[in-house]
Amino acid sequence: MNGERENRIDLLRGLSLLLIFIGHAQFTFSLTFQQSRGFCDASEMFVLLAGMSCALAYYRPDTGLRLERPWKRALRLYLVHLLLFVVMAIISALVVMAFGQTALAADMADFWQDPFYQGLQALSLSYMPGNLDILPMYVVLLLFAPFAFLLHDWSKSTLLGLSCFIWFVAGLGHINFPNAALEGRTWYFDPLSWQFIFVIGIYLGVRMKRGQPVLPYNKAVFAAAAVFAAAAIPLNLALHLGVVDSPFGALHHQLVSKTNGGPLRIINVLAILYLAWNIPAVKAAADHPGLRLICVAGRHSLAVFSAGILLSFAAVVLMTLDPDMPIVLQMLLLAGGCALQLVIGWMLEARKTAKAEAISYGLRSAA
């Protein structure tokens with residue numbers, strides 16, 4: 001690459017963060033909205049882009065096993081996850097004391113039955129209430145990333161083939177990590193399954209970093225991707241609303257499983273990314289000043305995502321307190337939450353720019 005940022009990654013990641021917030025907030029329209037985007041949702045796009053960004057940030061060709069930078073990032077994410085857990089636990093305690101109903105604390109309601117033991121489980125990532133299981137998945141993926149780089153340099157086909165095999169076996173055998181906080185007692189995002197999406201992102205990111213074509217345009221592939229992505233929207237929505245029955249019968253759940261990264265979800269997210277990469281308007285939008293705030297939010301994804309988790313948790317509490325909340329008020333909460341995340345991204349970018357300018361000024365003064 002020529003040193004310039006790929007704004008399409010930032011734009012798509014920023015949009016994904018806002019969509020994740022809407023889905024997690026559990027407004028009355030959240031579930032239907034989430035099902036109206038096809039077989040996949042923002043989570044698949046976020047992880048796919050995370051793989052690309054991981055390669056752009058940490059991959060160094062033919063340098064052997066380098067653990068320090070990705071593992072340091074993994075440690076940071078782990079600490080942020082624990083901080084989010086503590087904050088949500090405190091909020092849930094305040095809610096319980098104020099209203100006397102543990103149901104109002106939503107995802108953290110069970111924590112206070114045995115906080116010491118479940119706190120120890122939280123440290124080992126074996127107690128993660130809903131919405132707190134995304135960063136841990138990324139921690140696992142980052143720990144795995146250096147080995148993926150090493151295998152990539154040895155054989156790209158082996159990397160993709162092995163990753164696909166692990167995904168297939170984990171999904172078919174429902175092999176997963178334990179999570180005592182959820183009803184199924186397993187991680188909602190199975191890292192053994194989701195690593196396949198992440199590895200595909202790594203493969204694409206390495207190509208980008210080497211200046212090789214990424215998702216090059218092909219008329220037939222573009223047409224197939226467009227048809228699939230367009231057809232998936234009404235079909236998945238109709239299945240969700242019960243308008244039609246799945247033609248796959250009992251197999252349908254496995255094909256669209258979010259925990260195991262179902263094949264229809266993977267095909268769908270790859271189709272969307274292929275279209276986004278080959279539609280000139282998307283590139284123009286990513287470089288347009290009017291959408292800079294969304295790109296900046298995507299650039300500072302950890303802070304914006306963390307804020308979105310806390311905001312969505314607060315929205316869940318409010319929706320539980322007032323399940324008949326007027327749609328207008330829900331829309332105001334949605335707009336306010338999205339705006340706050342964009343403001344956080346803008347503030348962090350402004351601070352980063354000011355710091356870079358101060359360093360540059362200091363170097364000029366020293367010269």
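List the aspartates and glutamates whose alpha-carbon lies under 14 Å from that of K258, not counting same-chain residues fewer than 8 positions away? Correct list for K258: D41, E44, D133, D190.
Carbon-plus-sulfur accessible fraction, the chain (probe radius 1.4 Å, protein heavy atoms only): 69%. In this calculation the C-beta distance from A231 to D114 is compared with R0 = 45 Å, giving a FRET efficiency of 0.40. Amide H to amide H, with H built 1.01 Å from N, T186 comes under 5 Å of N179, counting only residues 5 or more places away or on other chains. Note on F165/R66: beta-carbon distance plugged into 1/(1 + (r/R0)^6) with R0 of 35 Å gives a FRET efficiency of 0.90.
Nearest 0.05, what FRET efficiency do R210 and T32 give at R0 = 41 Å with Cβ-Cβ as r?
On the way: r = 42 Å, r/R0 = 1.02.
Here the calculated transfer efficiency is 0.45.
Place a +1 charge on the Cβ of each Lys and Arg in the stretch 4-128 and a -1 charge on the Cβ of each Asp and Glu, then give the dipole magnitude about the Cα centre in debye, rounded to the nearest 20.
Values: 10 positive and 10 negative charges, 88 e Å.
Rounded to the nearest 20 debye, it is 420 debye.
When D324, D190, D153 are compared by accessible area of protein heavy atoms, the largest-first order is D324, D153, D190, using a 1.4 Å probe.
In debye, nearest 20: dipole of the chain around its Cα centre with unit charges on the Cβ of K, R (+) and D, E (-)?
Details: 25 positive and 20 negative charges, 298 e Å.
About 1420 debye.
Legend: helices of the chain (whole DSSP H runs) are marked when their alpha-carbon atoms reach 20 angstrom or more along the helix axis and their mean Kyte-Doolittle hydropathy is at least 1.6; marked are 134-154, 219-241, 301-321. Computed with a 1.4 Å probe on the full set of protein chains, the accessible area for W71 sits at about 100 Å².
If the chain between V87 and D322 were fully stretched, how many nm would it gain, using 0.36 nm times the residue separation less the Cα-Cα distance? Each step should come with its number before you reach the end.
Details: separation 235, 0.36 × 235 = 84.60 nm, distance 2.26 nm.
Result for the pair: 82.3 nm of gain on full extension.
In terms of overall dimensions, the stretch 1-146 has a Cα radius of gyration and Dmax of 18.2, 59 angstrom.
For the stretch 262-304, what does the accessible surface come to per residue with a 1.4 Å probe? Please give it in Å².
Numbers: 1670 Å² over 43 residues.
I get 39 Å² per residue for this part.
Check cross-link reach from K352 to the lysines: straight Cα distance under 21 Å, and skip same-chain residues fewer than eight apart. Hits, sequence-local ones excluded: K72. The order of F177, F189, F116 by accessible area, most exposed first and with a 1.4 Å probe, is F116, F177, F189. Ignoring everything but the protein chains, give the 1.4 Å probe accessible area of R299 in square angstrom, nearest 10. For R299, the solvent-accessible surface is approximately 60 Å².
On a per residue basis, the stretch 23-86 carries 45 Å² of accessible surface, using protein heavy atoms and a 1.4 Å probe.
Please report, in debye to the nearest 20, how large the charge dipole of the stretch 259-353 is about its Cα centre when each Lys and Arg carries +1 at its beta carbon and each Asp and Glu carries -1 there. Walk me through the numbers before you get to the answer.
Working: 6 positive and 4 negative charges, 87 e Å.
It comes to approximately 420 debye.
The candidates L11, L143, arranged from most to least accessible area with a 1.4 Å probe in the full protein assembly, appear as L143, L11.
Ordering W154, M331, L77 by Cα displacement along the dipole of the chain toward the positive end leaves W154 in first place; charges were set at the Cβ atoms of Lys, Arg (+1) and Asp, Glu (-1). Normalised by the number of residues in the chain, the average gap of Cα pairs under 8 Å and 6 or more apart makes the relative contact order 30 percent.
The values are calculated or read from the model by the stated rules, or taken from the named source; none is laboratory data. As the structure is a computational prediction, the values presented were derived from the model and not from experiment. Cβ coordinates were reconstructed from backbone atoms using ideal geometry, including for glycine residues, and neighbour counts include every protein chain displayed. Quick note on the areas: whole protein, heavy atoms, side chains included, nothing else; ligands and nucleic acids left out. Shrake-Rupley method; radii C 1.70, N 1.55, O 1.52, S 1.80 Å.
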